[in-house]
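The values are calculated or read from the model by the stated rules, or taken from the named source; none is laboratory data. The structure displayed is predicted, hence computed values, not measured ones. Here the Cβ is made from the backbone with ideal geometry for all residues, glycine too, and neighbour counts use every protein chain on show.
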């Protein structure tokens, strides 16, 4: 059964690596080059009303709508591309919905460049490396009876495999890389450390019990 699991995990990582190398990961719109439209309504408005108008204008085109200010009178629309016709249609519908006579300045358009994934991950690299080194040192000391070098190699290897598996699943399922991806990756990292620690505790307890039993038999 273990062999089947290991083979399945290996296949997932290999396929995920191939997909990542050939077509790349599926990046969410906020990290791609995209258009941003700032929509100023001028009065407190429910974001659902803006979302309905945006859906009506852009149809099936992928968009996100968020509030810009706490006053609920300005909203940010993000989408891959915007035509002049869509901007004019959005102005018209917002004006009609909220009784705005002069709609010439209620929408500001901005092109946002692509954000590289390595720039997204950069702030987390050094803290993760430092944390990992500390964890490996602590585990090597705590489980020295199991072999410090062995523990360090196993733990480091498992952490790398866990993150590779996580990225491979993202690549295969085409789940978009967004603001939740790094927290999810850190969750996988922490869960892996906990699982390794539990396994090491069980192995250490088993070894101590065997040693105690061996001593008693000698006596």
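Looking only at segment 53-78, count how many residues are closer than 29 Å to residue 26 by Cα and surrounded by 14 or more Cβ atoms within 10 Å (Cβ to Cβ).
At the first step, the residues of segment 53-78 found to be closer than 29 Å to residue 26 by Cα are 53-68, 75-78.
Among the residues that remain, those that are also surrounded by 14 or more Cβ atoms within 10 Å (Cβ to Cβ) are: 53-54, 57-58, 63-65, 67, 75-78.
Matching residues across segment 53-78 total 12.
Looking at 104, 109 in this structure, which one is at pLDDT 85 or above and closer than 30 Å to residue 86 by Cβ?
Step by step, each of 104, 109 is checked, and only 109 is at pLDDT 85 or above and closer than 30 Å to residue 86 by Cβ.
Looking only at segment 51-93, how many residues end up being under 15 Å from residue 110 (Cα atoms) and either in a loop (DSSP other than H, G, I, E, B) or touching a residue at least 60 places away in the same chain (Cβ under 8 Å) (or both)?
Within segment 51-93, residues that are under 15 Å from residue 110 (Cα atoms) and either in a loop (DSSP other than H, G, I, E, B) or touching a residue at least 60 places away in the same chain (Cβ under 8 Å) (or both) number 5.
Go through segment 41-50 and count every residue that is surrounded by 14 or more Cβ atoms within 10 Å (Cβ to Cβ) and part of a helix (DSSP H, G or I).
Number satisfying all stated conditions: 2.
Checking the structure you have, find out if any residue of segment 208-218 is at negative phi and in contact with a helix residue (DSSP H, G or I) (Cβ under 6 Å, 6 or more places away or on another chain).
Kept after step one, since they are at negative phi, are these residues of segment 208-218: 208-218.
Now restrict to residues that are in contact with a helix residue (DSSP H, G or I) (Cβ under 6 Å, 6 or more places away or on another chain): none.
No; the residues of segment 208-218 include none that is at negative phi and in contact with a helix residue (DSSP H, G or I) (Cβ under 6 Å, 6 or more places away or on another chain).
Anything in segment 9-36 that is surrounded by 13 or more Cβ atoms within 10 Å (Cβ to Cβ) and in a loop (DSSP other than H, G, I, E, B)? List them, or say none.
Step one: of segment 9-36, the residues surrounded by 13 or more Cβ atoms within 10 Å (Cβ to Cβ) are 9, 12-13, 15-20, 25-32, 34-36.
Result: 25, 26, 28, 32.
Within segment 121-132, can one find any residue that is in contact (Cβ under 8 Å) with a residue 24 or more places away in the chain, under 30 Å from residue 68 (Cα atoms) and surrounded by 10 or more Cβ atoms within 10 Å (Cβ to Cβ)?
Yes.
With the requirement that a residue be surrounded by 15 or more Cβ atoms within 10 Å (Cβ to Cβ) and more than 11 Å from residue 37 (Cα to Cα), what does segment 98-107 give you?
98, 100, 103
Starting from residues that are part of a helix (DSSP H, G or I) and free of Cβ contacts under 8 Å to residues at least 12 places away in the same chain, keep the ones in segment 178-190 and report whichever is surrounded by the most Cβ atoms within 10 Å (Cβ to Cβ). Working first, answer last.
Taking segment 178-190 first, the residues part of a helix (DSSP H, G or I) are 181-190.
If we keep only those that are free of Cβ contacts under 8 Å to residues at least 12 places away in the same chain as well, we get 181, 183, 187, 190.
Values: 181: 21, 183: 9, 187: 12, 190: 11.
Top of the filtered list is 181.
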